[in-house]
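Heads up, the thing below is written out as structure tokens.
The values are calculated or read from the model by the stated rules, or taken from the named source; none is laboratory data. Since the model is a prediction, treat every value here as computed from it, not as a measurement. Don't worry about glycine lacking a Cβ; one is built from the backbone with ideal geometry, like all the others, and counts go over all protein chains shown.
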Amino acid sequence: MSGKAKAIIAHITLMGWIIALILNMNNKDEFASFYIRQYLGIMIIGVLGNAALNMVNGTLAMVWGVIMLVVWLLSLISAITDKKNETPVVGSYFQDWFKGL
């Protein structure tokens, strides 16, 4: 399976991310690894941000959800078009923090 296919699969729910991770373990591909790390970071930031904002204000949590949807779409589009675009502001941290993946 190509790195591009694994990168796209990684963006399709948590189950897709797990499948892409397992497929990439057997046959490492740098492009797939890049997006596996990016999407893990997007998921973590999305869930933590939503949980924190839900405690403060439900409307802020909804706005955060829309922002995370846009970030997810931009990442997915980059994977589809074979471009390595980091998530704005935090993408380089994701690459560093999750470099073992």
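Name the single residue, out of those in the range 9-37 being outside any helix (DSSP H, G or I) and not aliphatic (A, V, I, L, M), that is farthest from ASN85 (Cα to Cα).
ASN27
Give just the number: which of (1) of a type outside the set (Ser, Thr, Tyr); (2) touching a residue at least 12 places away in the same chain (Cβ under 8 Å); (3) not in a helix (DSSP H, G or I) does VAL89 not satisfy?
Just one mismatch for VAL89, condition (2).
For the range 1-50, which residues satisfy the criterion of being under 26 Å from ILE67 (Cβ atoms) and either of a type in the set (Ser, Thr, Tyr) or touching a strand residue (DSSP E or B) at 6+ places or on another chain (Cβ under 6 Å) (or both)?
Within the range 1-50, THR13, SER33, TYR35, TYR39 meet the criteria.
Give the range 46-60 a look and list any residue that's surrounded by fewer than 17 Cβ atoms within 10 Å (Cβ to Cβ) and part of a helix (DSSP H, G or I), or say none. Give the steps one after another, and end with the answer.
Start the filter on the range 46-60 by keeping residues that are surrounded by fewer than 17 Cβ atoms within 10 Å (Cβ to Cβ), which leaves 47-52, 54-60.
Result: VAL47, LEU48, GLY49, ASN50, ALA51, ALA52, ASN54, MET55, VAL56, GLY58, THR59, LEU60.
Sort out which residues of the range 7-29 are surrounded by fewer than 18 Cβ atoms within 10 Å (Cβ to Cβ), touching a helix residue (DSSP H, G or I) at 6+ places or on another chain (Cβ under 7 Å) and not aliphatic (A, V, I, L, M), and write them in order of number.
GLY16
Taking the criterion of being aromatic (Phe, Trp, Tyr), in a helix (DSSP H, G or I), at pLDDT 90 or above and over 10 Å from the mean Cα position of the chain (by Cα), would at least one residue in the range 63-71 satisfy it?
Restricting attention to the range 63-71, the residues satisfying the condition of being aromatic (Phe, Trp, Tyr) are 64.
Pick out the ones that are also in a helix (DSSP H, G or I) and you get 64.
Going one step further and asking which of them are at pLDDT 90 or above, we end up with 64.
Still in the running and over 10 Å from the mean Cα position of the chain (by Cα): 64.
Yes, the conditions are met somewhere in the range 63-71.
Filter the range 77-87 down to residues that are closer than 27 Å to ALA51 by Cα and out of contact with any Phe, Trp or Tyr (no Cβ under 9 Å at 6 or more places or on another chain) and give me whichever is modelled with the lowest pLDDT.
ASN85
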